[in-house]
Amino acid sequence: MEGEPCDVVPCSSVTVDSILRIGTAGAIWGLCAGPHDARKQGLAGAAQVAFRHWVEGLVVGICTLTHCGLQRYRGKSDWVNGVVAGAVAGGAIAAMTRSWTQVIPMACLVSAFKVATDYARAV
């Protein structure tokens, strides 16, 4: 199989795969850091794990679905897809915190990280 996953697999499958992968990583991190953070925020351990799992999975799902959808719609695999997908995911992160002054800076930051990871070369 040649090409990117978005070229051969439906966007919904790629999105679910990334949500499961990152959501699982968030759940594992939540299990490790949950007891410490739960005391600070007044949450039980299971609530902390669930919160981390859903937030990380949601953000990655938004980013993956946007990137894949744009790539299919535009018919191109270039940096523009990553910039827009990162900006949408960053805006979603900032919107969840309800700090509206942080929407544009967070969108720019996540967008830059998304493009950097898309085009990073393994050494």
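The values are calculated or read from the model by the stated rules, or taken from the named source; none is laboratory data. No experiment lies behind these values; they were computed from the predicted model shown. So basically every Cβ, Gly included, is an ideal-geometry build from the backbone, and we count neighbours across all protein chains shown.
Remark: pairs (first residue in the range 103-120, surrounded by 15 or more Cβ atoms within 10 Å (Cβ to Cβ); second residue modelled with pLDDT of 85 or more and not in a helix (DSSP H, G or I); Cβ separation under 7 Å; 6+ apart in sequence or on different chains) are absent. Applying a threshold of 7 Å to beta carbon distances and a minimum spacing of six or more residues, or different chains, the list of pairs starting in the range 61-89 at a residue that is among the hydroxyl-bearing types (Ser, Thr, Tyr) and ending at one that is at pLDDT below 85 reads Thr64/Val14; Thr64/Thr15; Thr64/Ser18; Ser77/Glu4. Of everything listed in (1) under 25 Å from Gly75 (Cβ atoms); (2) modelled with pLDDT under 75; (3) buried (at least 17 other Cβ atoms within 10 Å of the Cβ); (4) of a type in the set (A, V, I, L, M, F, W, C), the single unmet condition for Met1 is (3).
Taking the criterion of being modelled with pLDDT under 75 and among the β-branched types (Val, Ile, Thr), the residues of the range 29-67 that qualify are Val49, Val55.
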